Amino acid sequence: MVAGGEGAGGLMLKPTVFAEVTPGMDIYGQEIFGPVVGVTRAESDAEAIQLANQTQYGLAATLYTASIAKAHRYARKLRAGTVGVNTYSEGDISTPFGGFKASGFGGRDNGIHAHEQYTELKTIWIDLSD
């Protein structure tokens, strides 16, 4: 832990930063709901994407780049329901929200895609030759 870690009253935690987090650590593979970030080193962009996709969760991801081409390419490769580029992933009521893998509930909230979780599609073929 390089910053934070103190309580902020009740069950609240002040913003906390962990450095040199590796895939073998519990903090690396856990979905922490709070102002906590773990920093992991990668030797290349490809390794960074591989490390990000190793987790069992995929609610959201954020990447930082000055290259719009890399932004599009890397965002497609990240297995997360929402990807923010050079910003946090705030979302909007008109855009789908939900995770990949073990994050979320298997559907999407918001946007037109939210309707799919409340419907069942069926195809019926009828022979009208009689």
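Every read-out reported here was derived from the displayed coordinates using simple, explicitly stated rules and does not represent laboratory data. It should be emphasised that the depicted structure is a prediction, and the values quoted were computed from it without experimental measurement. Here the Cβ is made from the backbone with ideal geometry for all residues, glycine too, and neighbour counts use every protein chain on show.
Annotations
- Two-site label geometry, residue 88 and residue 50: point separation in nm, points 7 Å out along Cα→Cβ: 3.1 nm
- Net charge of Cβ neighbours under 14 Å - reference residue 70; Lys, Arg +1; Asp, Glu -1: +2
- Distant-in-sequence amide contacts of residue 81, defined by a placed amide H-H separation under 5 Å and a gap of 5 or more residues or a different chain, comprise 59, 60, 100.
- Charge tally around residue 36: other residues with Cβ under 14 Å, Lys/Arg +1 each, Asp/Glu -1 each, net -2.
- The GluC sites (Glu not before Pro) of the range 16-74 that meet both conditions, a loop assignment by DSSP and at most 12 other Cβ atoms within 10 Å of the site Cβ, are 20, 31, 43.
- Segment residue 43-residue 65, extension gain: residue separation times 0.36 nm, minus the distance between their alpha carbons: 6.3 nm
- FRET efficiency estimate (nearest 0.05) - Cβ-Cβ, residue 125 to residue 33, R0 30 angstrom: 0.05
- Theoretical FRET efficiency, 1/(1+(r/R0)^6), r = Cβ-Cβ of residue 25 and residue 73, R0 41 Å, to 0.05: 0.90
- Qualifying chymotrypsin sites (Phe, Trp or Tyr not before Pro) in the range 1-83, where qualification requires a DSSP coil assignment and no more than 11 other C-beta atoms within 10 Å, comprise 33, 64.
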